[in-house]
Amino acid sequence: MKTVLLVVGKTVEQHYVTAIADYVERVKHYIPFDMEVIPELKNTKSLSMEQQKEREGSLIIKSLQPGDVVVLLDEKGKEFRSVEFASWMEGKLNTVSRRLVFVVGGPYGFSKSVYALANDKISLSKMTFSHQMIRLIFVEQLYRAMNILHGGPYHHE
């Protein structure tokens with residue numbers, strides 16, 4: 001199984017770029033993992049929020065492959081403690097045969113078509129974070145989950 005973090009728009013702030021790259025490399029010590037970037041939409045001023053979500057949704061859907069298990073990082077999703085997320089990931093590692101794809105949407109969230117094809121939704125917090133920060137939080141938590149599953153020293157109860 002390969003795990004993918006699919007994001008809309010590139011990470012622009014250098015401190016996030018550096019930290020995300022560090023955790024991506026750490027995760028790769030445990031599982032096949034990549035972060036894929038869908039280019040941001042251009043000339044969005046004339047688009048409504050719904051039109052923008054639909055266009056981003058089309059790009060997200062085009063980036064998916066048959067057999068992908070799609071998990072949206074969404075404020076309406078299930079919240080986990082780190083140990084619970086590790087257990088959830090362990091289940092996915094044992095059952096997903098192709099790609100486990102976590103998706104961070106654009107600034108307005110996901111289109112109805114993306115919600116319709118999602119297999120699951122996870123919330124990283126009840127708080128609101130920038131999309132740049134969510135990327136870092138997610139890869140750190142994925143690394144933490146893998147470390148927990150392998151009995152590493154990164155997590156303490």
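The values are calculated or read from the model by the stated rules, or taken from the named source; none is laboratory data. Please read these numbers as outputs of a predicted model, since none were measured by experiment. When we count neighbours, we look across all protein chains shown, and the Cβ atoms used for this are built from the backbone with ideal geometry, even at glycine. Ligands, DNA and RNA are stripped out before the accessible areas are found, and what is left, the full protein with its side chains, is counted by its heavy atoms. Shrake-Rupley method; radii C 1.70, N 1.55, O 1.52, S 1.80 Å.
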For this session: Could you run through the stretch 64-87 and say how many residues are surrounded by fewer than 16 Cβ atoms within 10 Å (Cβ to Cβ), in contact (Cβ under 8 Å) with a residue 40 or more places away in the chain and in contact with a strand residue (DSSP E or B) (Cβ under 9 Å, 6 or more places away or on another chain)?
Result: 5
Seminar exercise, completed: Pairs returned, first residue in the stretch 7-18 that is under 23 Å from residue 62 (Cα atoms) and open to solvent by less than 80 Å² (accessible area, probe 1.4 Å), second residue that is in a helix (DSSP H, G or I) and of a type in the set (A, V, I, L, M), beta-carbon separation under 7 angstrom, 6 or more apart or interchain, are 11/17; 11/20
Exercise. Within the stretch 88-104, which residues are charged (D, E, K, R), more than 14 Å from the chain's Cα centre (by Cα) and surrounded by 13 or more Cβ atoms within 10 Å (Cβ to Cβ)?
Worked result: 90, 92
Problem set entry | Residues within the stretch 130-153 that are modelled with pLDDT under 90 and open to solvent by 60 Å² or more (accessible area, probe 1.4 Å), tallied | 2
Problem set entry | Pick from the stretch 34-63, criterion in contact (Cβ under 8 Å) with a residue 60 or more places away in the chain and among the hydrophobic types (A, V, I, L, M, F, W, C), ranking: farthest from residue 108 (Cα to Cα) | 35
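When you go through 99, 55 one by one, which is the residue that is over 19 Å from residue 133 (Cα atoms) and touching an Asp or Glu at 6+ places or on another chain (Cβ under 7 Å)?
Working: 55 fails: touching an Asp or Glu at 6+ places or on another chain (Cβ under 7 Å).
Just a single option satisfies the conditions, and that option is 99.
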Exercise. Could you list, in sequence order, the residues of the stretch 65-87 that are more than 16 Å from residue 5 (Cβ to Cβ), outside any loop (DSSP other than H, G, I, E, B), out of contact with any Leu (no Cβ under 6 Å at 6 or more places or on another chain) and not charged (D, E, K, R)?
Worked result: 82, 83, 87
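When you look at residue 56, is it among the acidic types (Asp, Glu), open to solvent by 60 Å² or more (accessible area, probe 1.4 Å) and at negative phi, yes or no?
Numbers: among the acidic types (Asp, Glu): yes; open to solvent by 60 Å² or more (accessible area, probe 1.4 Å): no; at negative phi: yes.
The answer is no for residue 56.
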